[in-house]
Structures are given as C-alpha cells and as structure tokens.
Amino acid sequence: MFPICCSVRGCGLPLASRDAEGQSSDASGGLFCDRGHHFEQAKAGYWSLLQPQDKKSAQAGDSDDAVEARRRWLQRGHMQGLVDRVRQLAGQPCSAIGAQQSGWTVELGCGEGTFSQAIFESAAPDHYCGVELSKKALRLAARSWPAATWVLANADRRLPFADRSIQHVVSLFGRRPYQEIARVLADDARVLVVVPGPEDLIELRQQAQEVGQRKSRWQAIAEQFAEVGLGLLSHEQWKHSVSLQREALQDAMAMTYRAVRRSQQQRIEQLGNAEVTLNAEILLFDKASHVPTV
C-alpha cells in the first residue's frame, strides 16, 4: 500500500491497516497509526484524511459543476499532446531510484483522474497517490482507476507523507505548496509542474473578460522552488490551436474560473464556434545541492 501518514495535527505517524484485534490485515478495517487515530475508506474508494480545520467551506475544493466541466473538457482529447509530453517527462528515471516505476509518485490536485490515468497507469498503480480536496472529483477518480490510491486532503496544509519519502511529485494545473513538497521529497527526487501559459485561452478571455495575455509565471515559480533547494532542470512551452464549439467553450470557462458572471456567459454564447489557443508551461525540478540561477 502507498505509504501515507496520519493527518491529525501534531501526529504524522505512518498509517497501516489492522483487523479488529489490532493485527495487520488488508485495508478493509481502515487505517490506524500507533497513537490510535483511525481513518475509514469511503465507499467510493478514496481515503478521507481531511481534518475539520483543513476546510474553508462546507463544500471544499472545486464545485461539482467545475469538476464535471473539467472532465468533459479533458475527455474531448484537446490536451492529448500535453499528456504525451508529460508522460515522457514523468517516465524519465531519477538517479536515486533508476526507474520511474520503482518510486512513489504523488499528484497534487489530481482532480477527477483523467490526466492521472492517462499519464501514470502504465506504472505500478500501487506506487501512485492522487491528492485532491473535492469529494466529487475523487469519487470519479477512484471509479475510473480503482487500483490507485486516492486521498482527500488539503494540499495547502501538511501533506500526509513522511519526510524524504516521495520520489516524484506532480502538479498539473494544481497546488504547489513548495515548502511541503521539499519536505516530502527524497534525495535526488523530481518535481514536475504544469501551469497555464500566458496565451492559454487568450481568445476566450479577450471575449468574456476583456483581458489579454497574462503574465508568464514560470520564473516566479522557479524562484520559489529554488528557495527550498529545488533546482530547475528544464522549462518548455506547449502550445496548440483548436477549434471549439460553444459547449466546449463554456466548459473551458467553467473549469478555469470559479464564478462565471452572467455577462461573461452571454459573451461566450455569442461566439458560437471559435479557434482557441491552448498554452501550458512545463517545469521540471530536482532536489539537488546546487540550485542554478533562474
């Protein structure tokens, strides 16, 4: 089983499965730490490690509508080129472990698992763990890839993993708690980060929000990671142009912005079909003693 830790504040001990007599068993009886904290697996197949203080609202994470919009968007296949490139980078071996399949991989903000399964399914599923704050998203993820480990937790708080225990951390348009990432990374481990590029959905943003190209964020991210000893190995741009119908445009807006105003929605509806730019920046870091200048 994937090595996850107790999320009770001040604990952090490893979790293991036990039966009614306290003996080691499969995970059907739940997970326990040595201090007796207990976690049940949800019927949907994920582990809920979310503590009351980790939630800012009754419905934590993205709204159900945003989750469904993201799922439909990814299933259309517009991001396949990005998926292929990320799969290549994720499969590169770390010097400390020799092969991607032999290390533990954590994906932060895994969403409903569409990216996760497409990129990591070829590796051993018991070496992958997806962390997400939305119950709706995790239900979909666990249903589509039940062999993997799925954890309901707030990635902006303490990650439920031991110090220096993870070989690969991945954030695909998700959270990037760089201090926590540095804590859980093993020596010579790697971090793969994907963020929207400055031209991502620029035509849609110009029409709906009347704003243009956004500022590139990769240098600021690299500086943050450098502060905690993570050196930038590579940075590259992925760009693709695609013709989208109205329904796809609406999904793109809904999954990207938590609240779409009625005026913005009306502008999208006026578009009909549109040629839209997809743009992402891909950053690969490693945990090294020497951090190159950005």
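Where a number appears in this text, it was derived from the coordinates with a stated rule and is not lab data. What you are looking at is a predicted structure, and each value in this text was computed from that prediction instead of being measured. Note that each Cβ is placed from the backbone with ideal geometry, even for glycine, and that neighbours are counted across all protein chains shown.
Computed values, structure above
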item: Other-chain or far-sequence residues with amide H under 5 Å of ALA186's (modelled H); result: SER165, ILE166, GLN167
item: Pairwise FRET efficiency - GLU40 versus ARG143, Cβ, R0 = 25 Å, nearest 0.05; result: 0.90
item: Label-point separation in nm, ASN273 to LYS239, each point 7 Å along Cα→Cβ; result: 2.4 nm
item: Table column - 3J(HN,Hα) (Hz), region 175-188, Karplus curve with 6.51, -1.76, 1.60, x for Gly and Pro; result: 6, 9, x, 4, 5, 5, 4, 4, 5, 7, 6, 6, 4, 6
item: Using θ = phi - 60° and Karplus 6.51 cos²θ - 1.76 cosθ + 1.60, couplings along region 36-44 (whole Hz; Gly, Pro as x); result: x, 5, 10, 10, 9, 8, 5, 4, 6
item: Local net charge near SER241, Cβ-Cβ under 12 Å (Lys/Arg +1, Asp/Glu -1); result: -3
item: Amide H partners (placed H, <5 Å) of LEU278, local residues excluded; result: LEU201, HIS240, SER241, VAL242
item: Mean separation of Cα contacts under 8 Å (6+ apart) over length of region 169-208, as relative contact order %; result: 52 percent
item: Residues whose placed amide H lies under 5 Å from that of ILE4, excluding near-sequence neighbours; result: LEU15
item: Extension gain (nm, one decimal) between ALA124 and CYS11, 0.36 nm per residue minus Cα-Cα; result: 37.8 nm
item: Under the Karplus curve 6.51 cos²θ - 1.76 cosθ + 1.60, θ = phi - 60°, whole-Hz ³J(HN,Hα) for region 11-16, x wherever Gly or Pro sits; result: 9, x, 6, x, 9, 9
item: Proxy reagent accessibility, fewest Cβ within 10 Å first, across ASP64, ASP200; result: ASP64, ASP200
item: Order of PHE120, PHE39, PHE32 under a 10 Å beta carbon neighbour criterion, fewest first; result: PHE32, PHE39, PHE120
item: Ascending count of other beta-carbon atoms within 10 Å, so fewest first, for ILE221, ILE166; result: ILE221, ILE166
item: Label point at ARG217 placed 7 Å out along Cα→Cβ; residues across region 236-258 whose backbone nitrogen lies under 18 Å; result: 236-239, 252-258
